[in-house]
Amino acid sequence: MEKLDKAKLRQQLTRLQYDICINKGTERPFTGEYWDNHEPGVYVCVVCGNELFASKTKFDSGTGWPSFWEPIQKQNVQEKEDRTLFMRRTEVECANCGSHLGHVFEDGPEPTGLRYCINSASLKFRHG
Ligand code: FE
């Protein structure tokens, strides 16, 4: 997050995007733009444009958040231990700019068994 210019981002992002990307918030389920998006394309970081997830790895998790079983490239995201809210979770950030994306859980489908549970507000969809 050190790389981010917060004053500039206050101008650039919506209030919801800022709350999620910078303050590590979570959008309410089934309210985001992409949880039910089935179009082919690529999801990039809303802050910096880094390519994060491909539509071919998106699946219907039933959670109301966009869910993927793997990132476009492992090195495009970074994972951090998150002990807030009396839980131990693994936070996922954009590896380029440090923007908060969501969390990754180990109850996803094959072939990885992972579930990247990502806020729509952290993403921008590029039609493929
Ligand atoms: Fe980014």
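From Cα pairs below 8 angstrom and at least 6 apart in sequence, can you work out the relative contact order of region 9-128, rounded to a whole percent?
Value for region 9-128: 30 percent.
Within the listed set C21, C97, C45, the residue fluctuating most in the Gaussian network model of the chain (springs between alpha-carbon atoms under 10 angstrom) is C97. State whether region 6-127 is rounded, prolate or oblate according to the following rule on the C-alpha gyration tensor (a ≥ b ≥ c being the square roots of its eigenvalues): a/c under 1.5 gives rounded; otherwise a/b larger than b/c gives prolate, and the remaining case gives oblate. Here region 6-127 falls in the rounded category.
Taking GluC sites (Glu not before Pro) in DSSP loop conformation with at most 14 other Cβ atoms inside 10 Å as exposed sites, the chain has its longest uninterrupted site-free stretch at 34-105. A cysteine counts as unpartnered when no other cysteine's C-beta lies under 4.7 Å of its own; in the chain this applies to C21, C117.
If you stretched the chain out fully between Q11 and K80, how much longer would it get, using 0.36 nm times the residue separation minus the C-alpha to C-alpha distance?
Full extension from Q11 to K80 adds 22.1 nm.
Among the trypsin sites (Lys or Arg not before Pro) in region 8-115, those located in a DSSP loop and surrounded by at most 15 other Cβ atoms within 10 Å of their own Cβ are R83, R88.
Name all residues of region 54-72 having a backbone nitrogen under 17 Å from the label point set 7 Å from the Cα of T90 along its Cα→Cβ direction, giving them as ranges. 67-72, by backbone N distance to the label point. With the helix formula -39500 (n - 2.57) applied to DSSP H stretches of n ≥ 4, the chain reaches a computed 222 nm mean residue ellipticity of -2500 deg cm²/dmol.
The numbers here are math on the coordinates, done by the rules we state, and not lab data. Owing to the predicted nature of the structure, the values given are computational and were not obtained by experimental measurement. Positions of Cβ are backbone-derived with ideal geometry, glycine not excepted, and every protein chain shown enters the neighbour counts.
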